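The structure appears right after this line, and notes come after that.
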């Protein structure tokens, strides 16, 4: 799909992987709306990169519906949806004192990373299904979701995060099949250790240590590399139902 002139939405678009993807889309001529729960940051980011700010909580159907409506009124129905919104957190199932994980911790991460992703997927896909096909093959739109290598090799303390990202991985082929009759493709990117705002606050020595765990290249990944892969998925119409690891060949150690 040629993105020039097309409407796109990016969740988690105020920073990190989402912002990098939004910047790539804008540079290629797409009309981009950023969905993020941080209203102040998403407004600032949108102004900086030439996008539309549409603050929303991805876990809230009414909030996302309102954000999509705002984006639709400004740009038309989006053929492109990139889901980058997500949260982390490290808590053991049973801690060193023998206490079980607070179930609300597990529930919150599942709610944002898995249910939030599906919430935007279902609403964006319903919009896309109303469009006329863009290609002779019947393509109407594309959704790119974000998982993590933790969805395959969860580390100690990552039960909630691993379950949430494993759910996104499992959803990929199923949703691609489910939406095939509407001409909508679905793929997922599973990043490794990426230099997102979560890591940027760490000491340089810690970042170097993390980068040394990567077989090659021995460094953390850049958000722009995620954005580049997202753009290739969007452009390549034969990519569908696929989870692509973006990790420098890392396989996560237990801790």
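What follows draws every value from the coordinates through simple rules; no lab data is involved. Fair warning: this is a prediction, and the values are worked out from it, not measured in the lab. We place every Cβ from the backbone using ideal geometry, glycine too, and count neighbours over all the protein chains shown.
For region 109-228, how big is Rg over Rh, using alpha carbon atoms and the Kirkwood form of Rh?
Numbers: Rg = 17.0 Å, Rh = 16.0 Å.
Reported Rg/Rh, Kirkwood definition of Rh: 1.06.
For the chain, what is the mean residue ellipticity at 222 nm derived from helices alone (per DSSP H run of n ≥ 4: -39500 (n - 2.57); sum divided by total residues; nearest 500 deg cm²/dmol)?
Values: 9 runs with 105 residues, N = 255.
Helix contribution divided over all residues of the chain: -12500 deg cm²/dmol.
Please give the length that would be gained between residue 228 and residue 174 if that part of the chain were fully extended, namely 0.36 nm times their separation in residues minus their C-alpha to C-alpha distance (nm, one decimal).
Details: separation 54, 0.36 × 54 = 19.44 nm, distance 2.47 nm.
The residue 228-residue 174 span can extend by a further 17.0 nm.
Take the alpha carbon gyration tensor of region 169-237, find the square roots of its eigenvalues, order them as a ≥ b ≥ c, and report rounded if a/c is under 1.5; if not, report prolate when a/b exceeds b/c, else oblate.
Values: a/c = 3.10, a/b = 2.71, b/c = 1.14.
It comes out prolate by the Cα gyration axes.
In terms of the Cα gyration tensor, with a ≥ b ≥ c the square roots of its eigenvalues, is region 7-245 rounded because a/c is under 1.5, prolate because a/b exceeds b/c, or oblate? Provide the component values of the computation, followed by the final result.
On the way: a/c = 1.56, a/b = 1.47, b/c = 1.06.
Prolate.
Using the Cα gyration tensor of region 206-255, with a ≥ b ≥ c the square roots of its eigenvalues, what is the shape: rounded (a/c below 1.5), prolate (a/b larger than b/c) or oblate (neither)? Provide the component values of the computation, followed by the final result.
Working: a/c = 3.49, a/b = 2.01, b/c = 1.73.
Prolate shape, in that a/c is at least 1.5 and a/b is the bigger ratio.
Would you look at the GNM of the chain, springs on alpha carbons closer than 10 Å, and say which of 223, 191, 100 moves the most?
It is 100.
Efficiency by 1/(1 + (r/R0)^6): what FRET value for residue 92 and residue 182, r their Cβ-Cβ distance, R0 = 51 Å, to the nearest 0.05?
It comes to 0.75.
Nearest 0.05, what FRET efficiency do residue 216 and residue 238 give at R0 = 22 Å with Cβ-Cβ as r? If you can, show how the numbers build up before the last one.
Values: r = 27 Å, r/R0 = 1.25.
My answer for the efficiency is 0.20.
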